[in-house]
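Derivation of every value follows stated rules applied to the coordinates shown; laboratory data play no part. Values in this document were obtained by computation on a predicted structure and should not be read as measured data. Here Cβ is always computed from backbone atoms with ideal geometry, including for glycine, and neighbour counts include all displayed protein chains.
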Amino acid sequence: MTAHPAAPRRSAAEQTRLEAALTELFERRITFNQTLGIRVVSLDPANPRVRFDMRPGLVGHYDYGQLHGGVTSAVLDAAGGFALMVALCEKFNDEDCDRVMARFGRMGTIDLRIDYLQRGLGTWFEAGARVTRLGGRIGSVQMTLHSDDGTLIATGAAAYVVG
């Protein structure tokens with residue numbers, strides 16, 4: 001049996017370019033994410049995270065000032081998609097920025113389940129996601145949303161078309 005050398009990883013400069021392009025796509029070009037105010041916190045493949053600040057336009061219950069359930073759902077969906085984008089960057093780590101970014105145009109949510117655990121109270125919230133399966137066509141993810149004090153607000157599970 002002959003050992004084959006591993007494919008070369010993209011250069012550090014190309015990785016930096018890819019991370020900037022991915023952040024721009026997620027925070028600006030996906031305009032709904034911009035509307036929600038979602039920002040990238042971590043591009044670490046083992047722990048991708050996003051964050052957003054609470055503001056009056058995101059309130060769902062006027063008496064309590066708590067986060068709207070639709071915002072919770074949308075942010076967890078976005079966090080799941082983001083985690084898969086980061087995973088695809090890692091899976092195709094020998095490809096340049098343009099080629100990897102082109103892969104994201106085919107992505108879409110096909111199944112989403114949200115469990116609301118606590119009231120969404122806080123000044124900011126952070127969502128994380130863990131890829132549980134990344135196949136050639138479908139990716140599966142588990143997501144969490146925490147408030148600024150560490151309270152677990154909601155969890156989610158989702159499947160996405162990735163190819």
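Tabulated data
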{"item": "Radius, Kirkwood style, for the chain when every pair of distinct Cα atoms is counted (Å)", "result": "16.4"}
{"item": "Built amide H within the under 5 Å cut-off of Leu67, gap 5+", "result": "Gly60, Gly120, Leu121"}
{"item": "Region 46-84 versus region 103-163: alpha-carbon centroid distance in Å", "result": "10"}
{"item": "Whole-Hz ³J(HN,Hα) from phi, Karplus 6.51 cos²θ - 1.76 cosθ + 1.60, for region 44-57, glycine and proline x", "result": "5, x, 7, 7, x, 9, 10, 9, 8, 8, 6, 8, x, x"}
{"item": "Cβ-based charge dipole, the chain, positive-most Cα from Gly120, Gly81, Val50", "result": "Gly81"}
{"item": "Rough spin-label spacing in nm, given labels placed 7 Å along Cα→Cβ, for Tyr64 and Val161", "result": "3.7"}
{"item": "Segments 122-129, 145-152, 133-140 sorted - mean Cβ within 10 Å per residue, highest first", "result": "122-129, 145-152, 133-140"}
